[in-house]
Structures are given as C-alpha cells and as structure tokens.
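Below is one structure, written out as structure tokens, with a few remarks after it.
The values are calculated or read from the model by the stated rules, or taken from the named source; none is laboratory data. Since we're looking at a predicted model, the values are computed, not measured. Backbone-built Cβ (ideal geometry, glycine too); neighbour counts: all protein chains shown. Only protein heavy atoms, including side chains, enter the accessible area calculation; ligands, DNA and RNA are left aside. Shrake-Rupley method; radii C 1.70, N 1.55, O 1.52, S 1.80 Å.
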Amino acid sequence: MPDRDLAPDWNRMLRAEAAAYADVALVNIAREFPVMDFYVWNGPDDVPGLPRDATPVFYGSFDWHSCVEMHWLLVRLLRVAGDAVPASAIKTLLNQQFTAAGLAAEAVAVAGRTGAGQRPYGWGWALSLVHETSAWDDPDARRWSAAMAPFAEALTERFLRWLPKATYPVRHGLHPNSAFGMSRALPYAAQRARAGDAALLDAITAKARAWFGADTDYPGRYEPSGHDFLSPALTEAELMARVLPQAEFSGWLERFLPAVVAGEPAALFTPAVVSDSSDGQIAHLHGLNASRAWCWRRIADSLPAGDSRIGPALAAASRHADASLPHVVGDDYAVEHWLACYAVLLLS
C-alpha cells in the first residue's frame, strides 16, 4: 500500500502537541466570558440569566458547542495520548464537571431552548462526547458515562424528532451543515445499535442515503464561502464513507467528485487564505483548513488499497494540515476557543 505510506505520521504530530492542546481546553472550559448565547425572547419579562445557570457544565469557551468540543478533546486525549497530557489535572477537572446534577440540567437545556439552537452541530458533538466516555474502559469514564445517560437520551430524542421531518439537507459550511452533525453522531448511534436500539443509526443512515446517495459531479469549485469552517463537499463525502460499504463508497465518490485523481476541483485541494484571525467569522477559515484535512484523511482511509485517489487525498490532507495547525495554540481567542478540537479530530 505505497500510497498510504505517504501519509504524515499523524500520531507523532498529535503527541508532540497534545499537552498544549489540553492546556488550551483546560483554560477555555473555565473561561465564562466573553460568551455568546442562543436565546429567543418571548416577551418583555422573559430575561435570560447567566449561561451557567441553565448549562452548568458547558458554559465556558465562548459558546455551548465549543465548550462541548473542549470537553470531548480532553476525554479523547486521555484515551489516545494519556501519557502525553496532564492526565491528573484533566481528570480532576472532568470529575468536577461531569456530575449527575450538572448533566441532568444539561439534558433539560438540550430538550428546551438551548437545544433548539444547536441543530445538528452541537447535538452531534455532544453525542461524540457521550460516545468518547462510554467507549472507554476506565473507572472515571464509566462514572461519567453513567451520569451522561439523561443527556444522551435528550440528544437522541432531538435527532429522532428532527430527521423524519427534515425534507432537505443544509449544504453550507457553517453550524447547520447536515452531513457533519450526522457524522459526529454516528459512532454513538452505532454503539447504541449494538446494544439493541438501532433507531438513531437507522434514521441517520436512511436520511444520508436519501439526501446524498444520488449526488453527482458536486460543484466544489464554488468553495469556500467567506465564513466556512466546514466544506459542504467533503463533509458529505466523509459522511458517506461512514454510511456506505467500502466498494459502494468508492463508486459513489467517483460519481460525486469524478476528478480527484487529477486534483480537481482545485478549490478543494487548495487551503483557504485567512486574512485576519481576530475576525471571528474570517477566522472560521482556519477551521475549514483543519476540517478539510480531516475529511481528506478519512476519505483516503475509506478507499480500497491501491486506489489511485488515495495519494491525492493524502496530499490534500497534508497541505491543509500544514495551513491550519500552526494557528491552534497562541492565536486570537476567536480561533483558540475551538480550533484545537479540529486538530485533535484530524490527528487522532
């Protein structure tokens, strides 16, 4: 498999930066301000309290979903690079965060207004966190997973109520992107199916096939949009790599992006230019480069051995990683409150 041998040493890269990524998350989780909250006022007396009043676990890191991501990052690093991070400090913090009472309040918030503004991005990342704890054979993780049970049920219910009535997917590079949120939920859905409840897995799989199964010749040349942190083309391909058997995915990708071998469309193979990291919207493009790198890596890993598209996909992953990873630590807070989670997603 010579093409796969060209892949960067992702694990070495992760271990070299794991402690710095963990430090970012440890600080961000406890940073309550500045904060952005999703809230709809229903009248003049309907005044929200502090975010931590409604969401006592995920109140930091600027917004709810970014805080969820930072918690996921810490659990993920404990699992895959525990000897390269301050494990004791991380576990101490997570034991304080993942209490039964706190997570019960988060379940209530997900079922109410907080959940409404997180579809499906925040829901997907939250189920990634649930999966990360429940899939880890560790005493602390087992306790966290048990405390998360009501939270997981609320998130699952949200997905199951939304997917049947979602006639069309959202195909842009921001939080409502349908493919990415569903992809982040899939590992937990598969785990739940193995335990005897396949409703979430079946709903995601059926909707992915219905929305994306017949897509051909995707116009990736129009990417990116100015505020994207996700690639509509590549997040869709990454989702289908999870949903379809390998042989079926190979054919689907040939129809969807028929010129991958030639490095076309060039826009998908070329990292985005970020002109101002302090501009919260323009800074999203750092995330686009990181998430594209992850998608290209996932696509390469999902193709059969010897496939001629593996080399171009890995080269694109490497270029996008080189463009994004230097900005994960030490950049403006507009970047630092969330980008590390995409670095860990890519590298692990």
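In the list Arg119, Arg143, which residue meets the criterion of being modelled with pLDDT of 95 or more, open to solvent by 10 Å² or more (accessible area, probe 1.4 Å), outside any helix (DSSP H, G or I) and among the charged types (D, E, K, R)? Working first, answer last.
Values: Arg143 fails: outside any helix (DSSP H, G or I).
Result of the check over Arg119, Arg143: Arg119.
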- Message: The conditions are (1) over 20 Å from Ser61 (Cβ atoms); (2) touching a residue at least 24 places away in the same chain (Cβ under 8 Å), and Ala259 fails exactly one of them. Which is it?
- Response: (2)
- Task: Could you check how many residues of region 193-218 are in contact with a helix residue (DSSP H, G or I) (Cβ under 8 Å, 6 or more places away or on another chain), on the phi < 0 side of the Ramachandran plot and not in a helix (DSSP H, G or I)?
- Result: 5
- Message: Considering only residues that are crowded, with 20+ Cβ neighbours inside 10 Å and among the small types (Gly, Ala, Ser), which ones fall in region 221-234?
- Response: Ser231, Ala233
- Query: Can you tell me which residue in region 287-330 is modelled with the lowest pLDDT, limited to those that are open to solvent by 40 Å² or more (accessible area, probe 1.4 Å) and under 30 Å from Phe62 (Cα atoms)?
  - Reply: Gly330
- Return yes or no: is Ala101 at pLDDT 95 or above, open to solvent by 10 Å² or more (accessible area, probe 1.4 Å) and of a type in the set (Gly, Ala, Ser)? yes
- Has region 149-168 got at least one residue that is assigned to a loop (DSSP other than H, G, I, E, B), open to solvent by less than 10 Å² (accessible area, probe 1.4 Å), over 16 Å from Arg242 (Cβ atoms) and touching a Phe, Trp or Tyr at 6+ places or on another chain (Cβ under 7 Å)? no
- In the set Val273, Val335, Val344, Val329, which member is over 29 Å from Gly82 (Cα atoms) and among the β-branched types (Val, Ile, Thr)? Val273
- Message: So for region 277-286 (the condition being modelled with pLDDT of 95 or more and open to solvent by 60 Å² or more (accessible area, probe 1.4 Å)), does at least one residue qualify?
- Response: yes
- Could you please find all residues in region 227-252 being more than 14 Å from Trp296 (Cα to Cα) and under 20 Å from the mean Cα position of the chain (by Cα)? His227, Asp228, Phe229, Val243, Leu244
- Would you mind stating whether Arg192 is open to solvent by less than 60 Å² (accessible area, probe 1.4 Å) and in contact with a Gly (Cβ under 7 Å, 6 or more places away or on another chain)? no
- Query: Ser134 is checked against (1) under 19 Å from the mean Cα position of the chain (by Cα); (2) surrounded by fewer than 23 Cβ atoms within 10 Å (Cβ to Cβ); (3) within 25 Å of Glu236 (Cα to Cα) and fails just one. What number does that condition carry?
  - Reply: (3)
- Note on the structure: Checked pairs for region 321-336, first more than 15 Å from Tyr21 (Cα to Cα), second part of a helix (DSSP H, G or I) and modelled with pLDDT under 95, C-beta under 8 Å and 6 or more apart or across chains, list as none
- Message: Consider region 235-271. How many of its residues are closer than 23 Å to Pro219 by Cβ, open to solvent by 20 Å² or more (accessible area, probe 1.4 Å) and among the hydrophobic types (A, V, I, L, M, F, W, C)?
- Response: 6
